[in-house]
Amino acid sequence: MDSKSTICVSTICMSSIVDSIDTSIYMKIFKNREEAAYSHIFNSKVVKIPLNTFKNDNVVNFYSVRLQNSAIKAYPLTDRPRDKEDIISVKYYQKQIQQKKEITPVWMIQKNKKYILLDGAHRIVASYIEDVPVYAYIINI
């Protein structure tokens, strides 16, 4: 990722931050949208996260069983929360990685040396399949 300090303004990035804010409120990490948005905008930084961080269920709200060598193995027919969209999304991000395009960093909270995933499971799975590090917006609380 070349522009580690720039703010992403594409529609995908905007959708990602909105999803992350919603998840952080749903998980009761923040009391309201204003507090969540403020932390996302002013208290986050982009960090390169090693893939092994996601193993052994070390990240709350990410299931390490998803770390497989293909999208279909990561999301078998019996375990696809978003049906075919899980596979489509992982393959989309794999293609972006293969074409050396930037992908939107995932969103995570770091609290007491523990990570909580707010948005980006498909990007993590695609990064694992392609064996590249994950970039994350980290909000320290």
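Readers should treat all values here as calculations from the given coordinates under stated rules, not as data from a laboratory. The shown structure was predicted, so the numbers you read here are calculated from the model rather than taken from an experiment. Note that we place each Cβ from the backbone using ideal geometry, even for glycine, and neighbour counts take in every protein chain shown.
Selection of first residues in the stretch 27-42 that are under 16 Å from ASN140 (Cβ atoms) and of second residues that are among the charged types (D, E, K, R) and in a helix (DSSP H, G or I), restricted to Cβ pairs under 9 Å at least 6 apart or on distinct chains, gives the following pairs, ordered by first then second residue: ALA36/ASP22. Restricting the stretch 116-139 to residues that are under 25 Å from LYS28 (Cα atoms) and more than 9 Å from the chain's Cα centre (by Cα), the residue that is surrounded by the most Cβ atoms within 10 Å (Cβ to Cβ) is ILE139.
Name the residues in the stretch 46-84 that are surrounded by 13 or more Cβ atoms within 10 Å (Cβ to Cβ), of a type in the set (D, E, K, R) and over 12 Å from ILE124 (Cα atoms), would you? Listed by number, the residues that qualify are LYS73, ARG80.
For the subset of the stretch 50-70 comprising residues that are β-branched (Val, Ile, Thr) and in contact with a helix residue (DSSP H, G or I) (Cβ under 9 Å, 6 or more places away or on another chain), which member is farthest from ILE116 (Cα to Cα)? The qualifying residue farthest from ILE116 (Cα to Cα) is VAL65.
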